[in-house]
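S.K.: First, the structure itself, so that you have it in front of you.
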Amino acid sequence: MKTSNGFSLSRWWSMVLKEFLQLRRDRLTFGMIIGIPIAQLVLFGFAINNDPRHLATAVISADHSEFTRSFVAAMESSEYFDIVGTLPDEEAGRSALASGNVQFVVNIPAGFTGRLLRGERPALLIEADATDPAATGMALAAAGQLARTVAAKDMTGTLSFLAGGQDPFEVRVHRLYNPEGITRYNIIPGLIGVILCMTMVLMTGLAITRERERGTMENILAMPVSPFEVMTGKLIPYIAIGLIQITIILVAARFLFRVPCAGSIGMVYGAALLFVLANLTVGIAMSSLARNQLQAMQMTLFYFLPNIILSGFMFPFQGMPKWAQAVGNVLPLTYFNRLIRGIFLKDNLFQDLWPNIWPLMVFTLIVMVIALTFYRRTLD
Amino acid sequence: MSDSYAIDVRSLNKRFGDKHVVKNVSLQVRRGEIFGFLGPNGSGKTTTIRMMCGLLTPDAGSGTCLGYDILRDSVQIKRRVGYMTQRFSFWEDLTIRENLDFVARMYGLGDRRKRVNGALEDLGLAARANQLAGTLSGGWKQRLALAACLLHDPELLLLDEPTAGVDPAARRDFWEELHLLSARGIAVLVSTHYMDEAERCHKLAYVFDGNLLAQGAAPEVVASQGLSTWQVYGENLVGLSEALKNASGVDQTVLFGTRLHVSGKDGAALERTLAQTAGSAAFRIEKTETGLEDVFIYLMKQASGKTGGAP
């Protein structure tokens, strides 16, 4: 007897053919082969921008003059700042920053122009939401240059004495929430969302498709149990797992990475629980659609990719084009990132958080309805 | 009246896409009766069983199961029916006891510990209660599944090919258990491919391609087709079978190892043909009882001839 039978081209070819045939039948895998590179190209190529411009800026102006107008106009024409409105006082400015409605507040103090004309080098204050140092860094650098640009342009003729030498006025930047611009302070809280998003969706997706794949779902369905009982009963352990994960990350954030938490831990858990629920419903909805565990895994990947790229976790949300922001605005991780960073770094109050809480609730509700519609109580 | 039936369904129909899987199936199963459900694979047996226990909604038709409407009262039905799936559908990564505990809790049974222990004793698995269900052999898995189905004292058992892949000794034990249950008044609907099992049933139904072709006690089903059957012994039965295929009076030939069953509606014509073709000393011919298997093969051939489909 021969112990080895040499290489046979026809046998080898039959193997290749079989593989192609199976690949063609497996639509989801096929979709991934085409879809993932396209999605990655579009997202990384067009959506990501590490030099975000057109950042929302509000102006508090106690002094209206040609110079202040000129400065604000110069800010806008730098493309880094979009002036979205004026605010009455500093308190309103702080609250706009806290809620994330604006990234910058430009504060022009009273008598600015007078002092400028007297050559007293007055200061102009820019308060920045520095939660994400990457998002604001470039804009703040640009703002520093503006004083000189404005001086060169406007201060001609009799005022030209102001243009020479030192800058005629000072742009004082005040980085709020993350004054040292430590990236870790922004990334670690964001990681809570990323980790929960990945594990919650995957685990529930697998848990339910596993029952179907092994035939045990039929057994459950033959028992007098309602779909609601099955669903919620299956979810509870994963909620517990989610809470354990949050705790691990929080402990690591505190003692390993030394990220301070400005807000309350209770609110962190509250926000995380809301986010866990949103992701669990996504997991159920996917498992209702997926035929087996492999498909559930593939769907999770599809879901995870835009979440991580478009949610503002990795790259500044404000830097993305409008269409990418629109996609980001339907992803739960986007809202959770704002919530967790708001609590961790800004010590946000409930009213600041609410604009990011209700979208999560609406998302959960809609996905829950989809999941229950597709979950088949009977097998047909 | 209908209360004396455990199952009483009329004109059940089910389509999956453009496939008409169950066509106008009506059947009645009395309490305490073992009802055999026969037919080739893909003939709609599982689908029919699923419609009866509320897992599938029929597209058309009506009926009751233990007096409850199969369309409206599926929860009530599920409480009183034990359904054993074709494939082992308990949790292989749970122990035997954990599986039974789960079922007991699902049905909200009182005295759970006592019931589960009782079931374990009956099964003879008390010593292995903490073994994972996945490590059991095929026969033991089947016994565990039956025990789990019986835990809530159902009035009706729906068993979908419970003995597929189970060795003969375990099958015999299983059927003895079924007869004990039926003696206690529990109705049993059991689908099977085995003829010996079919003969152990009080009543039978034969489905093919979604159609119910015959129903009744085994002798009634046999008599209903009016077949006469002869048994031929000898050499080269395959050649004889070929020669008889289209001969007058011969409706079918079935080879059972060393004997050939030749059946036909017209007994006299069949007898003449046999005398001519197989009359030589090489063959021994004797009249025999028409068996269930002869009838089922005949029914299937008739039906596939009508629909033009291959058997």
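The values are calculated or read from the model by the stated rules, or taken from the named source; none is laboratory data. Here the structure is a predicted model, which is why all the values come from computation and not from measurement. No Cβ is skipped: glycine too gets one built from the backbone with ideal geometry, and neighbour counts run over all protein chains shown. Areas reflect the complete protein model, heavy atoms only, side chains present, ligands, DNA and RNA absent. Shrake-Rupley method; radii C 1.70, N 1.55, O 1.52, S 1.80 Å.
S.K.: Select from segment B:52-61 the residues that are within 12 Å of chain A (Cβ to nearest Cβ) and aliphatic (A, V, I, L, M) and list them in ascending order.
M.R.: B:Met52, B:Leu55, B:Leu56
S.K.: Just one of the numbered conditions (1) assigned by TED's automatic domain parsing to the domain that holds A:Leu353; (2) aromatic (Phe, Trp, Tyr); (3) modelled with pLDDT under 85 is not true of A:Phe169; which one?
M.R.: Here A:Phe169 clears every test but (1).
For every residue, the table says whether it meets (1) surrounded by 23 or more Cβ atoms within 10 Å (Cβ to Cβ); (2) closer than 30 Å to A:Arg25 by Cα; (3) outside the structural domain of A:Asp129 (by TED's automatic domain parsing); (4) not hydroxyl-bearing (Ser, Thr, Tyr).
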{"position": "A:Asn292", "(1), (2), (3), (4)": "no, yes, yes, yes"}
{"position": "A:Gln295", "(1), (2), (3), (4)": "no, yes, yes, yes"}
{"position": "A:Leu310", "(1), (2), (3), (4)": "yes, no, yes, yes"}
{"position": "A:Tyr335", "(1), (2), (3), (4)": "yes, no, yes, no"}
{"position": "A:Gly342", "(1), (2), (3), (4)": "yes, no, yes, yes"}
{"position": "A:Leu365", "(1), (2), (3), (4)": "no, no, yes, yes"}
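For (1) open to solvent by 30 Å² or more (accessible area, probe 1.4 Å); (2) closer than 16 Å to A:Ser61 by Cα; (3) at pLDDT 80 or above, each residue gets a yes or a no:
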| position | (1), (2), (3) |
| --- | --- |
| A:Glu91 | yes, yes, yes |
| A:Ser95 | yes, no, yes |
| A:Gln103 | no, no, yes |
| A:Pro109 | yes, yes, yes |
| A:Phe112 | no, yes, yes |
| A:Leu125 | yes, yes, yes |
| A:Thr136 | no, no, yes |
| A:Ala141 | yes, no, yes |
| A:Leu146 | no, no, no |
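S.K.: Take B:Val190 and decide whether it is surrounded by 21 or more Cβ atoms within 10 Å (Cβ to Cβ) and assigned by TED's automatic domain parsing to the domain that holds B:Gly36.
M.R.: It is true that B:Val190 is surrounded by 21 or more Cβ atoms within 10 Å (Cβ to Cβ) and assigned by TED's automatic domain parsing to the domain that holds B:Gly36.
S.K.: If you don't mind, another one. Do we have A:Ala240 as over 17 Å from the mean Cα position of the chain (by Cα), in a helix (DSSP H, G or I) and among the small types (Gly, Ala, Ser) here?
M.R.: It is true that A:Ala240 is over 17 Å from the mean Cα position of the chain (by Cα), in a helix (DSSP H, G or I) and among the small types (Gly, Ala, Ser).
S.K.: OK, next. Looking at the structure I just gave you, is A:Lys346 open to solvent by 30 Å² or more (accessible area, probe 1.4 Å), touching a Gly at 6+ places or on another chain (Cβ under 8 Å) and of a type outside the set (Phe, Trp, Tyr)? Full working, then the answer.
M.R.: Values: open to solvent by 30 Å² or more (accessible area, probe 1.4 Å): yes; touching a Gly at 6+ places or on another chain (Cβ under 8 Å): yes; of a type outside the set (Phe, Trp, Tyr): yes.
In short, yes.
S.K.: Answer with yes or no whether A:Glu211 is of a type outside the set (Gly, Ala, Ser) and out of contact with any helix residue (DSSP H, G or I) (no Cβ under 9 Å at 6 or more places or on another chain). I'd like the intermediate steps shown before the answer.
M.R.: Values: of a type outside the set (Gly, Ala, Ser): yes; out of contact with any helix residue (DSSP H, G or I) (no Cβ under 9 Å at 6 or more places or on another chain): no.
Here the answer is no, as A:Glu211 does not meet what is asked.
S.K.: Just to be sure, is A:Asn279 in a loop (DSSP other than H, G, I, E, B), crowded, with 20+ Cβ neighbours inside 10 Å and either away from chain B (no Cβ under 14 Å) or of a type in the set (A, V, I, L, M, F, W, C) (or both)?
M.R.: So A:Asn279 does not fit the description; no.
S.K.: Suppose we filter B:Ile49, B:Ile34 for residues that are closer than 25 Å to B:Ala164 by Cα, open to solvent by less than 40 Å² (accessible area, probe 1.4 Å) and more than 14 Å from chain A (Cβ to nearest Cβ); which single one remains? Spell out the reasoning first.
M.R.: Values: B:Ile49 fails: more than 14 Å from chain A (Cβ to nearest Cβ).
Just one listed residue meets the conditions, B:Ile34.
S.K.: For a quick check of your reading: which strands (runs of 3 or more DSSP E) sit entirely within segment B:211-302 and have at least 1 residues that are more than 26 Å from B:Gly39 (Cα to Cα)?
M.R.: Result: B:228-234, B:283-288.
S.K.: Go through segment A:208-227 and count every residue that is touching a Leu at 6+ places or on another chain (Cβ under 8 Å) and either more than 13 Å from chain B (Cβ to nearest Cβ) or at pLDDT below 85 (or both). First the steps, then the outcome.
M.R.: Of segment A:208-227, the ones touching a Leu at 6+ places or on another chain (Cβ under 8 Å) are A:218, A:221-222, A:227.
Next cut, either more than 13 Å from chain B (Cβ to nearest Cβ) or at pLDDT below 85 (or both) only: A:227.
Going through segment A:208-227 one residue at a time, the tally reaches 1.
S.K.: Mind counting the residues in segment B:62-104 that are touching a residue at least 24 places away in the same chain (Cβ under 8 Å), within 11 Å of another protein chain (Cβ to nearest Cβ), open to solvent by 50 Å² or more (accessible area, probe 1.4 Å) and polar (S, T, N, Q)?
M.R.: 1
S.K.: Scan segment B:134-172 for residues that are in contact with a Lys or Arg (Cβ under 8 Å, 6 or more places away or on another chain) and modelled with pLDDT under 90 and jot them down.
M.R.: B:Thr163, B:Ala170
S.K.: To continue, here is another question. Going through segment B:1-22 one residue at a time, which ones are closer than 24 Å to B:Gly82 by Cβ, modelled with pLDDT of 90 or more and open to solvent by 50 Å² or more (accessible area, probe 1.4 Å)?
M.R.: Scanning segment B:1-22 gives a single hit, B:Arg10.
S.K.: Looking at B:Gly54, B:Gly61, B:Gly82, can you tell me which residue is touching a helix residue (DSSP H, G or I) at 6+ places or on another chain (Cβ under 6 Å) and assigned to a strand (DSSP E or B)?
M.R.: Of the residues listed, the single one that is touching a helix residue (DSSP H, G or I) at 6+ places or on another chain (Cβ under 6 Å) and assigned to a strand (DSSP E or B) is B:Gly82.
S.K.: Checking the structure you have, find out if any residue of segment B:238-251 is β-branched (Val, Ile, Thr), more than 29 Å from B:His20 (Cβ to Cβ), in contact (Cβ under 8 Å) with a residue 12 or more places away in the chain and crowded, with 21+ Cβ neighbours inside 10 Å.
M.R.: Within segment B:238-251, one or more residues are β-branched (Val, Ile, Thr), more than 29 Å from B:His20 (Cβ to Cβ), in contact (Cβ under 8 Å) with a residue 12 or more places away in the chain and crowded, with 21+ Cβ neighbours inside 10 Å.
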